[in-house]
Amino acid sequence: MTATSPAPFSPQEIAAEGIKPEEYAEIVRRLGRHPNKAELGMFGVMWSEHCCYKNSRPLLKQFPTTGPRILVGPGENAGVVDLGEGLQLAFKIESHNHPSAVEPFQGAATGVGGILRDIFTMGARPIALLNSLRFGSLDDPKTQRLFSGVVSGISHYGNCVGVPTVGGEVYFDTAYSGNPLVNVMALGLMETPEIVKSGASGLGNPVLYVGSTTGRDGMGGASFASAELSDESIDDRPAVQVGDPFLEKSLIEACLEAFKTGAVVAAQDMGAAGITCSTSEMAAKGGVGIELDLDKIPVRELGMVPYEYLLSESQERMLFVAHKGREQELIDIFHRWGLHAVVAGTVIAEPIVRILYQGGVAAEIPADALAENTPLYERELLTEPPEYAIKAWEWSPDTLPTCTTNGIEIQGTVKSWHDVLLTLLDTPTIASKNWVYRQYDHQVQNNTVVFPGGADAAIVRLRPLEKQGSRGAGEQGGTANAQSGVAATVDCNSRYVYLDPYEGAKAVVAEAARNLSCVGAEPLAVTDNLNFGSPEKPIGYWQLAEACRGLAEGCRELATPVTGGNVSLYNETLDAQGNPQPIYPTPVVGMVGLIPDLTKICGQGWQASGDIIYLLGSSPSSLGASEYLASIHGTVAGRPAKVDFELERRVQKVCREGIRAGWVRSAHDCAEGGLVIAVAECCLAGKLGAQIYLEATQSQRLDELLFGEGGTRIIVSVSPAQQEIWESYLQEHLGEEWQQLGTVGNIDTGLGVLTTDNHSIIQVSIEQMSDRYQHAIARRLIYLRE
């Protein structure tokens, strides 16, 4: 059908594929004809935001992506960094937000499966998982169902596939009521002599389909992930994939074995957009074409048509390009692992994706048009901050009730600081996430050094599977001594980003690096997951653009290049009236760091009674954007404190060096809830009390001193025997930017907070704090008990 013929599709059919009228016109122009149904579907998924980043790509260009340790940056299945001693780490973060909102168990489970495939497709063995989760209020039964379903899905897949879930974060806020966020990060240790890339090459080389069968599950998942959620989204359950972790475990082993033969030229996971994405991306990156015959594809359902083959997102599938003549060698490996493996296509010279079906051509599209030369929207940025932000910035602490050492008046009743502390510890966002992580196997593979909840970042021992000396020089296993480790964290305070996207995003990067420094790790590199509302709305695009600017600056300041990541837009829920309700802008940062010596690390819990407590850094705290303001006063307003990167670098370095010198025995950053919550968490983690002294002044509100948040502040404890050398080191490197707070007590001491003139502000037992902190989430899960 020629380009001048009437369109064979109605405007509604075109829109159903997620294609705009002007995009359809561009498709016709590029093809010189109207597409058929299969081709329309291919363009629909590949031109979705989920696959081509058409709204965010111009903003991502400002991220720093190179550095001395960066081996693979953005553009491949995962980033890879050099850890030294012949070790290389692959890592990546991905989202599975929309599927998890519709079918939480499978949505979350297949999110885990997908990110693991990104890792082992590079030739790396997965060694750890982390997740960053967002839900609505836990008082809502719908949120409880989504929350428990997502956690069950993550634990099911991770536990079955044998990769430990070692860390993460969970936030609860009504902004996520209809649109939960499920971001999963994976780490892997390179096991192959060469990093496996995805660009196809070698004319005439066979293209192999390996792994599981293809069915109708996950149809159009990429387009589904690029649209708002509505009451009708439950009807899109077919767009949610179904995973098989046991089959994926076999796929991991078969792929790594296949890669080590040297017979694999290129490999690509079939994730979003399935066969369409893998064929077009491999062809486009290699500057060649791929011809694929759908009749060769193993199927699990009868009567499938090309459209369904091409858009299916059935899980646990891969596409390989093999060296000609060695395909049977690879097929035998996959058959031995009980997996399908067939030669389904060929690398061709013409740079197109040609799909064959029942003896004819079902689709023929230039590979570049699908994977590289996709639409790009450079949207106009607001010249002034939006009204909601300006109004929030007008907020002042002066609008709060007056507070004294006895407490603060709230709704006619004086609430003591003791009660405020216990209320905050009972807030699900701050409270222990033990209900979550106890469902995860965090010890499988036996390399988890610190268990979840024990430190500010996860720590995994770098112990190659292969024996030392079994590989050549520079290859994994050659010189590694299993005494080094990698630390990882995922972080984002989305309320900060909502109230000030630029400063909030900088704070996200700073907190991630701070968490790594608190365990003694040197921050190396970043993978990010940008979860935002619609970029087509001025406020949504302003939030996205300003957050990207802040992330880029933060990564440059802390020398942590971005190696890749994921963009998830259109995270909005249409209410019954059809009005879109966007989530808070949530740019999650996954950061990895190197620990040269695993004997020189520390957690967040106090280690011994009598140890001296110090506060590193002296950035001014703020009640603006704080958990105290939101939870105690029901107000989301103000601005997060600005990040002082010069001080941030110094404080983090002092913390790392103090740990490595053996002076610092515990370290914990001040985050949600401020200084007193941080001290309470150290007490709970170490099961020891503490007595601290704070200087109350006329110029600072007492609640700001206790619960204000902001910037560069780390709580550390040091043995009295090291006090003199430690304080001398602090004076030399931090000047006046530190203070001694008090001492660690025993379990009977509890937490005492006093003013420097000995007026008691808070006195609470470990038992009281533990009851609120440890059981806050379980107490709210009513429906699970009924």
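Between the listed residues T427, G550, S314, the Cα displaced farthest toward the positive end of the dipole of the chain, a dipole computed from Cβ unit charges relative to the Cα centre, is found at S314. Calculate the length of the line joining the C-alpha centroid of region 1-41 to that of region 328-391, in whole Å. Computed from Cα coordinates, the inter-centre distance equals 18 Å.
For the chain, the longest principal axis of the C-alpha atoms and the axis of helix 21-31 are separated by about 40°. Principal-axis analysis of the Cα atoms of the chain puts helix 327-336 at an angle of about 60° to the longest axis.
A Cβ-based charge dipole, computed about the Cα centre of region 493-533 with Lys and Arg at +1 and Asp and Glu at -1, lands at about 80 debye. Taking only protein heavy atoms and a 1.4 Å probe, the accessible area of region 1-142 is 56% carbon and sulfur. Can you list the residues of region 442-465 with backbone N under 19 Å from a point 7 Å past the Cα of L71, pointing along Cα to Cβ? Correct set: 460-465. Each of E536 and A778 was given a label point 7 Å from its Cα along the Cα-to-Cβ line. The distance between the two points is 4.6 nm.
Rounded to the nearest 20 debye, the dipole magnitude of region 635-786 is 560 debye, with +1 charges on Lys and Arg beta carbons, -1 on Asp and Glu beta carbons, and the Cα centre as origin. Each label was represented as a point 7 Å from its Cα along the Cα-to-Cβ direction; for Q700 and T399 these points are 2.4 nm apart.
Between A641, V414, I747, the Cα set farthest toward the positive side of the dipole of the chain (charges on each charged residue's Cβ, about the Cα centre) is that of I747.
In a fully extended conformation the segment linking K391 and R29 would gain 125.7 nm over its present Cα-Cα distance, using 0.36 nm per residue. Placing dummy labels 7 Å off each Cα toward the beta-carbon, the span from Q731 to E253 is 6.1 nm. The angle between the Cα long axis of helix 274-286 and the main principal axis of the chain comes to about 90°, on a 0 to 90 degree scale. Note: relative contact order over the chain, using C-alpha pairs below 8 Å and six or more positions apart, is 15 percent.
Please report the antiparallel percentage of DSSP beta bridges with both residues in the chain, rounded to the nearest 5. Among the beta bridges of the chain, antiparallel pairing accounts for roughly 80 percent. Note on the chain: with charges restricted to the Cβ of Lys and Arg (+1) and Asp and Glu (-1), its dipole about the Cα centre is near 1400 debye.
Each part gets one Cα centre, and for region 614-669 versus region 120-168 those centres are 28 Å apart.
The Cα center of region 680-739 and the Cα center of region 490-545 differ in position by 26 Å.
Note on region 630-786: Kirkwood hydrodynamic radius from all Cα pairs is 17.4 Å, rounded to one decimal.
With protein chains left intact and a 1.4 Å probe, residues in region 622-686 average 27 Å² of accessible area per residue.
Hydrodynamic estimate: the Kirkwood radius of the chain over Cα pairs, inserted into Stokes-Einstein at 4 °C and 1.567 mPa s, corresponds to D of 48 µm²/s. Computed over region 270-409, relative contact order equals 31 percent, with contacts defined as Cα pairs under 8 Å that lie 6+ residues apart. Farthest toward the positive end of the dipole of the chain, out of S56, F707, Q483, is the Cα of Q483, where the dipole comes from beta carbon charges about the Cα centre.
Bridge orientation summary for region 78-168: considering DSSP beta bridges with both residues in this region, about 60 percent are antiparallel. Pairs spanning more than 19 Å between alpha-carbon atoms, out of K61/K506; K20/K54; K197/K285; K433/K687; K433/K653; K249/K433: K433/K653; K249/K433.
At full extension, L302 and K260 could sit 11.6 nm farther apart than now, given 0.36 nm per residue minus the alpha carbon distance.
The values are calculated or read from the model by the stated rules, or taken from the named source; none is laboratory data. Note that the coordinates shown come from a computational prediction; the quantities given were computed from them, not determined experimentally. No Cβ is skipped: glycine too gets one built from the backbone with ideal geometry, and neighbour counts run over all protein chains shown. In case anyone asks, the SASA skips ligands and DNA or RNA and just uses the protein heavy atoms, side chains included. Shrake-Rupley method; radii C 1.70, N 1.55, O 1.52, S 1.80 Å.
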